[in-house]
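This report concerns only the one structure given below.
The values are calculated or read from the model by the stated rules, or taken from the named source; none is laboratory data. None of the values given here were measured: they were computed from a predicted structure. Quick reminder, even Gly has a Cβ in these numbers, built from the backbone with ideal geometry, and neighbours come from all protein chains shown. Keep in mind that these areas ignore ligands, DNA and RNA; they rest on the heavy atoms of the full protein, side chains included. Shrake-Rupley method; radii C 1.70, N 1.55, O 1.52, S 1.80 Å.
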Amino acid sequence: MKLITFVRRDCAAEEVGILRADRVLPLRELGWTYETMNDLILSSTPAERAAMAAAEGEGLALNDVRLLSPIPRPLQDVLCLGLNYADHAREAAGFSSSAFGVELAAPIFFSKRVNYSQGTGAPIPSHRDLTQQLDYENELAVVIGKDACNVSAEDAADYIFGYTILNDVSAREVQTRHKQWHFGKSLEGFCPMGPCLVTADEIAYPPALRISTTLNGKLMQDSCTDHLIHSIGEIIATLSRGMVLRAGSIIATGTPKGVLMGIEGAAFLQPGDVVVCSIEGIGDLENTIA
């Protein structure tokens, strides 16, 4: 099931719905009263979600709504994996060995502050007063469905609500200047997600999905999500051993090779550039640099 957060044309009220091809089924018209995606993740039961997946109705034409991020206001900072594809780790070390030339035996975790996540079609602010090295990172994001504490890697799949696409937008010189990554990853508008949240039952575990990015129509990233150095099961097991992963937590699992900092002579993102992050089975997250 593909779940979305949307607004109707000429209406500011956010709603949660189900995406079916070019139709949208608003949950409230189907009898469910979840006002936000966070409410649905925290409170819905497997039986309810099964009923939602089987629900039918005329709904709305996709052209009559505007998609927002499936989770516009995350409950906590997004948890991120750094250098979790081997080819990306090599290109990052080539850009800055002092910042990225690190041992990969254990997962590299950092957080990303997100006050508001915009959806597909929304702009990414360029923050030209702070950065001249704006970059994209296409990532498979895992959304936790129930509180996880001391979860084994073998049981991790049971705690996953679903998956979405997250563009971990980065200001590279800010990221490297501060010797840690939080600030350079956390400027306003640096966490677009979408176009939908696909429930875990729709995607075989562990996910082996094509992940690709185009910049102004040119293919830049092209890999598969089964190339992670540290698997989703390992990530959840490691984090839940020392903290409780609350339901609604979002984990960005890392990006493959092909970001701009890894391409010698490539220009960083400029206003007007169009970035499309795609993951098989989820869709396309398209944003223009403002």
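For the chain, the number of Lys pairs separated by eight or more positions or lying on different chains, with C-alpha atoms closer than 27 Å, is 11.
For the stretch 198-290, which trypsin sites (Lys or Arg not before Pro) are in a loop by DSSP, counting at most 16 other Cβ atoms within 10 Å? Numbers along the way, then the final one.
Numbers: sites: 210, 218, 241, 246, 257; in loops: 246, 257.
Sparse-neighbourhood loop trypsin sites (Lys or Arg not before Pro): 246.
Values of log10 I(q)/I(0) for the chain across q = 0.08, 0.12, 0.13, 0.14 Å⁻¹ run -0.32, -0.73, -0.85, -0.99, by the Debye formula with one identical scatterer at each alpha carbon and no solvent.
Between 74, 271, 256, the Gaussian network model of the chain with springs among Cα atoms under 10 angstrom shows the greatest mean-square fluctuation at 271. Exposed loop sites were defined as GluC sites (Glu not before Pro) in DSSP loop states (anything but H, G, I, E or B) carrying at most 15 other C-beta atoms within 10 Å; in the chain the longest segment without such a site runs 104-187.
Taking Cβ atoms as reference points and 14 Å as the exclusive limit, the residues near residue 204 contribute a net charge of -3, counting Lys and Arg as +1 and Asp and Glu as -1.
Taking all protein chains in place and a 1.4 Å probe, what share, in percent, of the accessible surface of the stretch 160-290 do carbon and sulfur account for? Using a 1.4 Å probe with all protein chains present, the stretch 160-290 comes out at 52 percent carbon and sulfur. Each residue of the stretch 146-157 was assigned a 3J(HN,Hα) from its phi angle through the Karplus curve 6.51 cos²θ - 1.76 cosθ + 1.60 (θ = phi - 60°); the sequence is 8, 3, 10, 9, 6, 8, 7, 4, 5, 9, 4, 4 Hz, with glycine and proline shown as x. The dipole here belongs to the stretch 100-208: it is taken about the Cα centre, uses +1 on the Cβ of Lys and Arg and -1 on the Cβ of Asp and Glu, and is about 560 debye.
Rounding to the nearest 20 debye, state how big the charge dipole of the chain is about its Cα centre with +1 on each Lys and Arg Cβ and -1 on each Asp and Glu Cβ.
580
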